[in-house]
Each structure stands twice: as C-alpha cells, then as structure tokens.
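Structure, as structure tokens:
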Amino acid sequence: MLLFFLSVVFTFLAFVNKEAQEQEIGKNFNLVRLSQELRLSSDQLTMMARAYAATGNPKFKQFFDEILTIRNGTSPRPKHLHRVYWDMLLVKEGQAPFEKEAPKALLTLLLENGVSTDELTMLRNAEDKSEALVSLEREAFELVATGKNQQALKILYSEAYLQSKVHIMTHINAFLERREQDFSSLLASSNKKVKSYYGAAFVCFILLLLSLITLYNSRSAIRKSIIDYLNTEVKSQTEELIEKNKALNHAISELSETQKRLINAEKSATLVRLIPGLAHEINTPIGVAMTASSNQLLLVEGVRQRVNKNEIAKSALLHSIENIESCAKLVVNSTERITGIIDKLKIITNTGFEGEVKPVYLQPLIAHCVSELANQHPHIDITLDIPEALAITAPERLLQQVFQPVIENAFYHAFADNSVRSPCVIISAQASKLGYTIKVTDNGGGIPHEIKDKVFDPFVVGNRTQKGLGLGLSVALAIVTQYFNGVIECETESNSGTCIIIKLPS
C-alpha cells in the first residue's frame, strides 16, 4: 500500500513539475516576444522618421506618433502587434489587419509576464535609449517642417543616431542573453526534477509489481493448501455420506417393508370392519328373498295338488295367485336392494364413475334433491344460497350421489330427537379461482362422539332404527376424492349442529 502511495505521489510531482516547466516555456516565449516587440518598435520608429524626412508625407509622422503612444500605453493596442501590422497601413487606403484592444504599456506587459528585476532594468534602459533617440527624430521633424529635408535625413543617418541605435540593441541583446541563460538553467533543473520523480515512481512501481507477484505466489500457495485441505475434507465427508446413504437406503427399505405390512394390516382391518356390515346388509334381503321363494314354491305346490284333484275354487286360486305375486315382489325388492348396495360399493372401490360429462347448474340440482325431503319434513326451514350461474362440469349422476346423501343425513339424523325448536338446514355454494366450495349446515344435535371420526366409513349409522344403509357418505367421499380430486370435511359439535364442507377444484 505504501509503495502504491509513493508511486502516485512521485507521479503527481512529476506532472506538477512538467506543468510548471510548460508554464515557464510559455513565460519565456512571451518575454522574448515582448523584447522583440521593443526592438521592432525602435526599428519602426526609425523607418517612419526616415520616410517622413524623405517624402514629407504627414502619414509617416502620424504612424510615428501612434507607435510611441501604443508602446507607452496611452493609445489602444492592436491585437497581435508582433505580427505584420504597419506595413499593411503604408499603402493608400490601407486597412488595419487586427482589431484593437485596451491600452497597455509594453513595460506593464513585461511585468505581467513575470520579468525579473534585472531583466526589467535592461529593457527599461533600452526603452530610455529609444526615447533619447526620439529626441533626435523630433529634431529632424522640425527641419522637415521648414523644408530642410536633406538636413533631416543627415541627422537620421548620422553617427550619433546610429550609435544610439547600437545602445538600444545592446540592452535588448543583453536581456535576450540573460533570458536564454536563465531559461536554460531553469529548464535543465526542471527536467532533472521531472526525470528524478518519474524514476522514483518507476522504481516504486517495479517494487510494487514485485510485491504483488510475491503476494500472488504466497496466496497461490495458501490457496493450494486450502484446496488440498478442502479436497481431503470433501473426500472424508463424501465417504461419510456414502455410508450414511447406505444406512438410509437400508432404513428406507425396512420402512417400505413396514409400510407394506401396515397397508396389508389396514386392508385386513378394513375388511374386518366392512365384512360384518356387508354380510348383514346383504343377508337381510337374501333371507327375505329365500323365505318369499320358499313360500312361492309351497303355494305353487298346493295349487298344483288341488288342481289335480279338481278341488280348487276360483276364489281360492285368485287368493293363491295374490300370495305368489306378493312373494315375487319381495324377491324383486330384495334383489334391487342388493343391486343398490353393489352399485354403491363399486363407486367406493373406484369402479363406478361412468356418466356424460357436461356443465351442471348446482341450484336446480340441489333444489331437486331437497324438494321431496322438504315435503316429508315441512317443519324444517330450508335456505339455499347458491348463485344461479354456478355450474360444475361433471356427470350429473355423480354430483347427485355426492349431494343427496349429505342433504338426507341433515334431514334424517340431525333432528331425530326433536329437541330443536326451530330446525333449519342451510345449503350454500360459491366459486373462486381455486374451485368450488359447497356447505350443508344444520342446527341439530350434532354427530355422536363415538362415530364422529367414522362418519365416512361404510355401513356406519347412528343406530339401526335410523333410515339408510350407512353407505351414503362413503359414496360421497369416494366421488369427491377419487373422481374430482377434492376434499370433503365434517365439522360438528354436540348440540351445536353439523357442517359438511365439500371442496371441488376448478
């Protein structure tokens, strides 16, 4: 960090000295230009004086005076005076090539550009000598005014005049020589400083580069050792994970076997619960059918014997036929009951979901399910809160087999003890982005605690005196979960009523 800071500092110092050097070069250029302007003004005064003496043209005297006033700072100063200026005005109707600026004396310009005291003394001496020369030129102008042009020219070319010019140029040459020496010395010193600063910055940069290389190599070694350590750790952790994975696979295998055993045990337990109820529900109609069939056979045999003996009367024959017909009806009813049980079992076992899929409007469907129950139970208040446009796309028979047993349970079982003064059943339905929610709520006595968790099991009823086989909610559960992939829930509290909630996805 220190080497980097030193590199920046030395580079900055080199730039600062380089900029100072450029400023000195500009200063030297301006001072040399202004000293040359002093020399040029002296030559221009001489030229204008001699031209006036030779021609008597007052224009040259006017230019002479203007050159003096510009140099002394009493007249506006033309811009770029060091370039060609007066030669452009000598011709007839000549035009100034540059615009004029504010008046400023030549010595003032020299001071503004940083001329030293010694150098200013040299240039002031040159200007004083030039002013002394002006006196001779004024003397020549007086002779021209009296028509003595030749005498005026003799003065302007006299030894005294030329000697004064030599004195002027001697001081200007001394200034230029001094300026050249000072500038060369300053430039050499500045170049030496710039080179030393650049050299120091370069050395610091090289040292910084070497330090970075050393640091990089050391960091590479550290990184390599870290990578080796991490590789060792990863290898160790990998081996440990492999062992744990083997143990996990073994545990999963054992868990799978245990799960299979539990499933088989649950199936056996389900069969144990299902078979007695199923046997009871099927044995009853079978027993009735067998008894009725036996009676039919006895009645038929009795009729046959009496017919063979010609001992049967018409009235007795008709009575026997009526008895046989009654027995046949018992057989048919028992058979239909067994068929109904089998159909519901097919739905529970996911084999009875046939039907035409179409949009089914819930309001008329549920109203149809409720209509007959409302006639049978006029004392129960019924409220339907179902939007008219709400429709579910599914087989209508399956939807009816879902809602019918749920609604029947509310009418048949919720108010069985007649303890509720104002019994009511509320059926509501609503649709959302997630699907449909249908609720069947009653204010009855609630589901008994001992069967609350078994209401969706087959052949579960409150008691055998109540209506139904105990398959309705099992069928509804099978259709909702297996066909619709939905949810059916039961919320109940003793003496606070029951709410069956059916949720079907869109």
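Quick notes on this structure:
- Of 191, 106, 170, farthest towards positive along the dipole that unit charges on Lys, Arg, Asp, Glu beta carbons give the range 15-200: 191
- From the coordinates shown, Kirkwood radius over Cα pairs in Å corresponds to which of (1) 37.5; (2) 25.5; (3) 26.5: (1)
- Dividing the Cα radius of gyration of the range 15-200 by its Kirkwood radius returns 1.09 for Rg/Rh.
- Pairwise FRET efficiency - residue 290 versus residue 487, Cβ, R0 = 51 Å, nearest 0.05: 0.75
- FRET efficiency, 1/(1 + (r/R0)^6) with R0 35 Å, evaluated for residue 30 and residue 196 via beta carbons: 0.80
- Calculated Rg and Dmax of the range 357-505 using C-alpha coordinates, Å: 14.7, 43
- Per-residue 3J(HN,Hα) values for the range 65-76, derived from phi via the Karplus relation 6.51 cos²θ - 1.76 cosθ + 1.60 with θ = phi - 60°, read 5, 5, 4, 5, 5, 5, 5, 7, x, 9, 10, x Hz in sequence order (x marks Gly and Pro).
- Per-peptide average of other Cβ atoms within 10 Å, ordering 364-370, 187-193 highest first: 364-370, 187-193
- When each of 27/165; 454/503; 452/503; 27/193; 104/195; 27/104 is checked by Cα-Cα distance, pairs over 29 Å: 104/195
- In a simple Cβ point-charge model (Lys, Arg +1; Asp, Glu -1; nothing else charged), the chain has a dipole of about 1240 debye relative to its Cα centre.
- Relative contact order of the chain, taken over Cα pairs closer than 8 Å and 6 or more residues apart, is 11 percent.
- Shown here for the range 375-408: GluC sites (Glu not before Pro) in loop regions (DSSP other than H, G, I, E, B) with at most 13 other Cβ atoms within 10 Å, namely 388.
- With a Förster radius of 41 Å applied to the beta-carbon distance between residue 181 and residue 5, the computed FRET efficiency rounds to 0.60.
- Backbone N within the range 1-27 under 16 Å of label point (7 Å from residue 222 Cα along the Cβ vector): 1
- In terms of other Cβ atoms within 10 Å, 441, 117 run from fewest to most in the order 117, 441.
All of the numbers you see were taken from the coordinates with simple rules; none came from a lab. Predicted model only: the values in this text are computed from it and were never measured. So basically every Cβ, Gly included, is an ideal-geometry build from the backbone, and we count neighbours across all protein chains shown.
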